[in-house]
Ligand code: HEM
């Protein structure tokens with residue numbers, strides 16, 4: 001863990017990101033792929049205030065409005081027991097939350113019939129392209145650069161994943177144009193891009209180019225969609241396979257929401273120990289971003305795990321390695337929320353130290369508070385309102401591969417019934 005803390009340290013000597021790993025063309029103007037921590041932080045720091053815990057609480061309705069819409073759509077599946085593609089449904093929900101949170105203007109992915117949204121096809125294509133880049137950065141990076149310069153009609157006809165990702169980027173740029181053009185009277189609460197658009201130059205703030213802000217919006221969409229969605233899906237899959245855990249969770253939820261359509265705010269849900277344990281265990285096993293996050297050893301070199309490592313060496317670590325450590329997490333492949341409950345039943349400072357789903361340091365996840373709020377609110381209200389049953393999903397469907405966020409082989413299909421109060 002010492003090496004991890006050194007590589008992913010806040011401030012001090014920084015291990016910059018390894019640029020070729022992050023070279024997806026559609027991200028190129030965002031701060032997410034910028035290798036230099038210092039350069040990236042100049043932009044990232046302008047986005048940070050709206051993601052603080054207090055800001056998320058103030059803007060909670062931007063999450064719950066989308067969640068209420070999703071739950072109402074699910075109730076349409078109750079009669080006739082039509083199966084729901086929960087993987088697509090939750091992805092539409094998290095995409096709409098991310099965009100509503102960033103712009104107070106969702107993409108309305110939830111409105112698409114059967115949750116088959118083109119936005120989600122775009123974020124999915126982006127993750128799948130990322131996977132190739134991660135393993136063959138040189139070759140695939142070259143192909144990406146060629147593809148970037150091809151005429152749009154050629155891309156649309158022969159390179160559908162690229163066309164989908166380009167389309168998503170365009171929609172994100174439209175969102176920025178919408179903010180630039182909207183009248184001040186419409187500014188009810190601050191958006192993620194407010195500092196960008198109204199910078200305080202004395203504090204060193206500035207307005208990035210329109211293309212940079214569009215790419216930042218696209219990064220928020222991709223980073224905020226599948227990460228939260230896959231964690232929710234993995235939690236659902238685990239609870240479906242462990243009915244006694246589902247019952248324990250429902251019993252806890254019933255205490256704060258006596259009626260199945262009652263609601264509780266995030267602050268109220270944070271006090272529920274079993275819900276918190278379920279979310280933590282889901283983050284441990286659902287991973288969000290499980291794979292390596294490569295960094296470059298700075299000019300002074302480094303000593304990692306007792307070894308001298310020369311400057312310029314690419315090093316990494318991953319949440320998967322720590323989350324699967326059997327010395328810390330007994331029987332690590334097993335979903336067992338009880339391990340997080342207070343001692344003597346479970347929980348330890350060692351587990352806390354090795355729990356790194358959002359990474360650490362200056363380049364860690366900007367959306368951590370938003371992600372926790374979403375997970376708490378979605379899981380609590382979904383399982384208080386509905387009884388969910390598997391509709392033919394297999395273990396093989398739920399196998400995942402690392403595409404920065406995990407992408408499962410198949411989709412989780414379920415049937416829903418209104419919970420019996
Ligand atoms: C379960 C949910 C999530 C998990 C597990 C997660 C995890 C991570 C991790 C591990 C990183 C570091 C990536 C790297 O070093 O390359 C990261 C970065 C990032 N995340 Fe998240 N994330 C989640 C949700 C979100 C949400 C909801 C948003 C915003 C809507 C978001 C926005 C970002 C951004 C913009 C970065 C880049 C930060 C930078 O470049 O410094 N994430 N996330």
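The values are calculated or read from the model by the stated rules, or taken from the named source; none is laboratory data. Please read all numbers here as calculations on a predicted model, not as lab measurements. FYI the Cβ positions are ideal-geometry reconstructions off the backbone, even for glycines, and counts take in every protein chain you see.
Scanning segment 78-91 for residues that are more than 14 Å from the ligand (Cβ to nearest atom), in contact with a helix residue (DSSP H, G or I) (Cβ under 9 Å, 6 or more places away or on another chain) and either closer than 16 Å to residue 370 by Cα or not in a helix (DSSP H, G or I) (or both) gives 84, 85. Every condition in (1) within 30 Å of residue 150 (Cα to Cα); (2) within 13 Å of the ligand (Cβ to nearest atom); (3) surrounded by fewer than 21 Cβ atoms within 10 Å (Cβ to Cβ) is met by residue 34 except one, and the failing one is (3). The criterion of at least 1 residues that are within 16 Å of the ligand (Cβ to nearest atom) is met, among helices (runs of 4 or more DSSP H) falling completely within segment 97-162, by 118-135, 137-148. Condition first: over 30 Å from residue 386 (Cα atoms) and within 16 Å of the ligand (Cβ to nearest atom). Can you find one or more residues in segment 218-231 that meet it? Yes: one or more hits.
Of the residues 260, 254, 248, which is touching a residue at least 12 places away in the same chain (Cβ under 8 Å), farther than 30 Å from residue 39 by Cβ and within 27 Å of the chain's Cα centre (by Cα)? So the residue among 260, 254, 248 that is touching a residue at least 12 places away in the same chain (Cβ under 8 Å), farther than 30 Å from residue 39 by Cβ and within 27 Å of the chain's Cα centre (by Cα) is 248. Every test in (1) at positive phi; (2) within 9 Å of the ligand (Cβ to nearest atom) is passed by residue 331 save one, and that test is (2). Taken over segment 7-24, the criterion of being in a helix (DSSP H, G or I) and surrounded by fewer than 19 Cβ atoms within 10 Å (Cβ to Cβ) is satisfied by 19, 20.
When you look at residue 69, is it modelled with pLDDT under 95 and either more than 13 Å from the ligand (Cβ to nearest atom) or under 16 Å from residue 367 (Cα atoms) (or both), yes or no? No; evaluated as a whole, the condition is false for this residue. Among the residues of segment 38-51, those that are within 13 Å of the ligand (Cβ to nearest atom) and within 21 Å of the chain's Cα centre (by Cα) comprise 40, 41, 43, 44, 45, 46, 47, 48, 50, 51. Here residue 384 qualifies as farther than 17 Å from residue 52 by Cα, more than 16 Å from the ligand (Cβ to nearest atom) and crowded, with 21+ Cβ neighbours inside 10 Å. What pairs can you find where one residue is in segment 137-152 and without any contact (Cβ under 8 Å) to a residue 24 or more places away in the chain, the other is surrounded by 11 or more Cβ atoms within 10 Å (Cβ to Cβ), and their Cβ atoms are less than 7 Å apart, with a gap of 6+ or different chains? Pairs that qualify, where the first residue is without any contact (Cβ under 8 Å) to a residue 24 or more places away in the chain and the partner is surrounded by 11 or more Cβ atoms within 10 Å (Cβ to Cβ), are 140/132; 140/133. Scanning segment 381-413 for residues that are within 16 Å of the chain's Cα centre (by Cα), farther than 30 Å from residue 265 by Cβ and part of a strand (DSSP E or B) yields 400, 401, 402, 403, 407, 408.
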